[in-house]
Amino acid sequence: MSDFTSVAKTSDLAPGECMTVDAGGTSIALFNVDGTFYALDNTCAHKGGPLGDGFCEGHIVKCPWHGWPYDITTGECTRHEGEKVHAREVQVVGDDVQVRV
Ligand code: FES
């Protein structure tokens, strides 16, 4: 059974921003959407671009390489039906942001 791993402090990531974090050796794109944290695997379904370096607008992140848009809350690509990245469970304990790996 997989466990939650601490990846950041809540103060590390302002609302509307994203970053790349390491969760037990797995690269994760972490997002703050209006104070709620979300995590996706950091590998775009197109050609592997790093979504943690993407451009956020509301609950959408655009891949920095060719602009594929993803729903941050589900990992589904909103332009190419059926394409998606794995969405990870996130919990906040105190000021600790934890991702299930
Ligand atoms: S690698 Fe992400 S859009 Fe091409």
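The values are calculated or read from the model by the stated rules, or taken from the named source; none is laboratory data. These numbers were taken from a predicted model, which means no experiment stands behind them. A quick note on method: Cβ atoms are made from the backbone with ideal geometry, for glycine too, and the neighbour counts reach across all protein chains shown. Surface areas here come from the heavy atoms of the whole protein model, side chains and all, with no ligands, DNA or RNA. Shrake-Rupley method; radii C 1.70, N 1.55, O 1.52, S 1.80 Å.
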- Task: Starting from the range 12-23, keep only residues that are on the phi > 0 side of the Ramachandran plot, then list their pairs with residues that are open to solvent by 90 Å² or more (accessible area, probe 1.4 Å) and not in a strand (DSSP E or B) whose Cβ atoms are within a distance under 9 Å, requiring at least 6 positions of separation or different chains.
- Result: GLY16/ASP34
- Subset of the range 1-13 [of a type outside the set (Phe, Trp, Tyr) and at pLDDT 95 or above]: THR5, SER6, VAL7, ALA8, LYS9, THR10, SER11, ASP12, LEU13
- Query: Among the residues of the range 84-98, is there at least one that is in contact (Cβ under 8 Å) with a residue 40 or more places away in the chain, open to solvent by 70 Å² or more (accessible area, probe 1.4 Å) and within 16 Å of the ligand (Cβ to nearest atom)?
  - Reply: yes
- Reported set for the range 70-81 where residues are open to solvent by less than 80 Å² (accessible area, probe 1.4 Å) and within 15 Å of the ligand (Cβ to nearest atom) is TYR70, ASP71, ILE72, GLY75, CYS77, HIS80
- Residue check for THR43: closer than 18 Å to VAL21 by Cα, more than 11 Å from the ligand (Cβ to nearest atom) and assigned to a loop (DSSP other than H, G, I, E, B): no
- Query: With GLY25, GLY16 as the choices, which residue is open to solvent by 30 Å² or more (accessible area, probe 1.4 Å), more than 15 Å from VAL90 (Cα to Cα) and either of a type in the set (A, V, I, L, M, F, W, C) or modelled with pLDDT under 95 (or both)?
  - Reply: GLY25
- Set GLY48, GLY67: member being surrounded by fewer than 14 Cβ atoms within 10 Å (Cβ to Cβ), in contact with a strand residue (DSSP E or B) (Cβ under 9 Å, 6 or more places away or on another chain) and assigned to a loop (DSSP other than H, G, I, E, B): GLY67
- Message: Step by step: first the residues of the range 28-45, then only those that are among the small types (Gly, Ala, Ser) and open to solvent by less than 30 Å² (accessible area, probe 1.4 Å), then the one that is farthest from GLY67 (Cα to Cα). Which residue is that?
- Response: ALA39
